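For reference, the structure is listed below as structure tokens.
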């Protein structure tokens, strides 16, 4: 079972615009990071947020349409799977009904003190994210 969706609005700033007049592709990675980490901050219990941190391992982005300065954009993500210390997210960046980009990403949960990989507990995975851990 997948966890509930989490979304954030995106504010496009003038510095996001590249020489072609649309949002630079690199900004999409920032948006993915913002929505994935926002999902964690919203759902995880305080003690887990203090104990654990996240690093990105892999992003695969499919760009569909460009975004522009005055666009109203939303990044929506869903945690699809937890496997050991790794979590797999699917993120869609949209302008209204138009899909601008689709992103599959893999993240590693780490202990905030040691910076070593750390598993999310089964209880947290099930209770807060609606997932069973592999």
**Prompt:** When region 59-89 is examined, which residues are found to be under 14 Å from residue 8 (Cα atoms) and part of a strand (DSSP E or B)?
**Reply:** 73, 74, 75, 76, 77, 78
**Request:** Within region 64-93, track down each residue that is surrounded by 15 or more Cβ atoms within 10 Å (Cβ to Cβ), more than 12 Å from the chain's Cα centre (by Cα) and within 12 Å of residue 28 (Cβ to Cβ).
**Result:** 66, 67, 73
**Asked** Restricting attention to region 111-134, does a residue exist that is modelled with pLDDT under 95, out of contact with any helix residue (DSSP H, G or I) (no Cβ under 8 Å at 6 or more places or on another chain) and more than 20 Å from residue 47 (Cβ to Cβ)?
**Response** yes
**Message:** Quick test of your reading of the structure: residue 31 fulfils all but one of (1) surrounded by 15 or more Cβ atoms within 10 Å (Cβ to Cβ); (2) assigned to a strand (DSSP E or B). Name the failing condition by number.
**Reply:** (2)
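Just to be sure, is residue 40 buried (at least 17 other Cβ atoms within 10 Å of the Cβ), without any contact (Cβ under 8 Å) to a residue 60 or more places away in the chain and assigned to a helix (DSSP H, G or I)?
So residue 40 fits the description; yes.
The values are calculated or read from the model by the stated rules, or taken from the named source; none is laboratory data. Worth saying up front: this structure is predicted, and the values here are computed from it rather than measured. When we count neighbours, we look across all protein chains shown, and the Cβ atoms used for this are built from the backbone with ideal geometry, even at glycine.
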